[in-house]
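Encoded as structure tokens, the structure appears first; notes follow it.
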Amino acid sequence: MKNIVIVNYGLGNPASIKNMIKKAGAGADITDDISLIEKADKLILPGVGHFGKGMQLLREKNLLEILNDKALRQKTPVLGICLGMQLLTNKSEEADVPGLGWIEAETVKFRPSKDTLKVPNMGWLDVKPQMQHLLFKDLETARFYFVHSYYVVPANKENLLASSVFEEDYASAIIKDNIMGVQFHPEKSHRFGLQMMKNFIEL
Amino acid sequence: MTVQGRKLVKTVGFKKPNYIGDPINAIKIFNDKEVDEIALVDISASKEGREPNYSLIEEMAGECFMPLAYGGGIKTFEQAKRIFSLGVEKIILNTALQDNLELISESASVYGNQSIVVSLDIRKNLFGKRELYFNSGSNKSRIPYMQVIRNCIEAGAGEIIVHDIEREGTFSGYNIPLVAEVAKQVSVPVIALGGANSVADMREVIREGHASAVAAGSFFIYKNNDPKSILINYPSQETLEKEIFAHL
């Protein structure tokens, strides 16, 4: 049995993620305990909310060192969800603090030119994979649930895992080696989210 | 999905609750139908002055693999916090809007504006004037509804449900003029509720009423809009694509 840990740093809804993992046939620990994170085979970084607050909480809980070690040295698969994806980037317009900086990218605010497009971008969007990857196995045509006001702009095309359309195309999933981020909520995207969780468990 | 205690019920004009079945079963069916979002409303919590039914909410959240909103009996930030922690994405407020807009601002500052939905229950009086109600349609607002809506948005509400009480459960069609009046004056998404009778009706309240989204209860619960035959149903993605999205 693989040991999946949902990093509980205080933002987002880890209970919903755990529910979906359970539905996908596995289990997960929701924890901020460094020794449990150290033992994890897979990490999920959840989060809904403010970028600055997210980084502050990771720092206050002394999680930066262990997360850097797991992601960058041990190459443990990491999935960032929503704010958890944005935290993978170098910085965000939302706050004056650096992000984890694991993927060359920055996070910027949606500024739609049409006032019919409301921010936050909330609801279901098609997600189109931009490369062959096991995270998107059997998800060539899929839709997922989104709630966000900021989005990620990867510096390099090779880090673009999937895209969606708000006013224009943007990165709805990014990747670098073992590190993945999705802007949408697989835990709230019924059969598509279930498939993605299964894919992540099997990676 | 409206519940009284642990029972899924449907009402007509907020009256005559008709027992439908077990809400957990119903949410499982809605999962399989791949609905976009579920709103669970306990219509007797405020009336009976009791706490939200946390164990039911937790069970429902555990079976709900799509976004879940909960409303009914939320009076304090502590209650809101507890509900969010159970796996609920949004809270729906109505009765608390009478005297407690701080509940909106406090919750929005922690969970974000997108997690606060206000539900405005509106009914015409004898003279045809639209009035806002709280507490399952029993307390009339002294403040006009457009003012209440503005106050709620200012406090941090991220979505507005416009609910026509008289049309609820009647299949007489959405109140398009009412939805349009609100949607034209606010910057946050407006959700139309009350009276849904067809997918075409949904399309029209989006097109003509400028609703950002549509919600329905009876339409998804009864077969062929017939309250005598309970059959949970939901249009397929293909139908929605053809009948709604292709026309927007």
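Of all residues in segment B:213-248, those being outside any helix (DSSP H, G or I), within 14 Å of another protein chain (Cβ to nearest Cβ) and surrounded by fewer than 13 Cβ atoms within 10 Å (Cβ to Cβ) number 2.
Note on segment B:189-212: residues that are within 17 Å of A:Gly123 (Cβ to Cβ), open to solvent by 20 Å² or more (accessible area, probe 1.4 Å) and part of a loop (DSSP other than H, G, I, E, B) total 3.
Scanning segment B:149-179 for residues that are more than 13 Å from the chain's Cα centre (by Cα), within 14 Å of chain A (Cβ to nearest Cβ) and not in a loop (DSSP other than H, G, I, E, B) gives a single hit, B:Ile153.
Within segment A:59-73, is even one residue within 14 Å of chain B (Cβ to nearest Cβ), open to solvent by 10 Å² or more (accessible area, probe 1.4 Å), outside any loop (DSSP other than H, G, I, E, B) and in contact with a strand residue (DSSP E or B) (Cβ under 9 Å, 6 or more places away or on another chain)? So far as segment A:59-73 goes, no, none of its residues is within 14 Å of chain B (Cβ to nearest Cβ), open to solvent by 10 Å² or more (accessible area, probe 1.4 Å), outside any loop (DSSP other than H, G, I, E, B) and in contact with a strand residue (DSSP E or B) (Cβ under 9 Å, 6 or more places away or on another chain). Looking at A:Asp169, A:Asp138, A:Asp177, A:Asp96, which one is without any contact (Cβ under 8 Å) to a residue 12 or more places away in the chain and either charged (D, E, K, R) or within 14 Å of chain B (Cβ to nearest Cβ) (or both)? Exactly one of A:Asp169, A:Asp138, A:Asp177, A:Asp96 is without any contact (Cβ under 8 Å) to a residue 12 or more places away in the chain and either charged (D, E, K, R) or within 14 Å of chain B (Cβ to nearest Cβ) (or both), namely A:Asp169. A Cβ distance below 6 Å, combined with a sequence gap of six or more or placement on separate chains, defines the contacts here; from segment B:28-44, residues that are at the interface with chain A (Cβ under 9 Å from one of its Cβ atoms) reach residues that are assigned to a strand (DSSP E or B) in the pairs B:Asp36/A:Trp124.
Does A:Thr116 satisfy being surrounded by fewer than 14 Cβ atoms within 10 Å (Cβ to Cβ), β-branched (Val, Ile, Thr), outside any strand (DSSP E or B) and more than 13 Å from the chain's Cα centre (by Cα)? The answer is yes for A:Thr116. Checked against (1) open to solvent by less than 70 Å² (accessible area, probe 1.4 Å); (2) more than 14 Å from every other protein chain (Cβ to nearest Cβ); (3) among the aliphatic types (A, V, I, L, M); (4) part of a helix (DSSP H, G or I), A:Met131 passes all but a single condition, namely (4). Is it the case that some residue within segment A:76-84 is assigned to a helix (DSSP H, G or I), crowded, with 22+ Cβ neighbours inside 10 Å and away from every other protein chain (no Cβ under 14 Å)? Within segment A:76-84, one or more residues are assigned to a helix (DSSP H, G or I), crowded, with 22+ Cβ neighbours inside 10 Å and away from every other protein chain (no Cβ under 14 Å).
Kindly check whether there is at least one residue in segment A:109-119 that is β-branched (Val, Ile, Thr) and more than 14 Å from every other protein chain (Cβ to nearest Cβ). Among the residues of segment A:109-119, not one is β-branched (Val, Ile, Thr) and more than 14 Å from every other protein chain (Cβ to nearest Cβ), which makes the answer no. With the structure loaded, tell me whether B:Glu106 is more than 14 Å from every other protein chain (Cβ to nearest Cβ), assigned to a helix (DSSP H, G or I) and either touching a residue at least 60 places away in the same chain (Cβ under 8 Å) or surrounded by 22 or more Cβ atoms within 10 Å (Cβ to Cβ) (or both) or whether it fails that test. No; evaluated as a whole, the condition is false for this residue.
The values are calculated or read from the model by the stated rules, or taken from the named source; none is laboratory data. All values reported here derive from a predicted model rather than from experimental measurement. A quick note on method: Cβ atoms are made from the backbone with ideal geometry, for glycine too, and the neighbour counts reach across all protein chains shown. Only protein heavy atoms, including side chains, enter the accessible area calculation; ligands, DNA and RNA are left aside. Shrake-Rupley method; radii C 1.70, N 1.55, O 1.52, S 1.80 Å.
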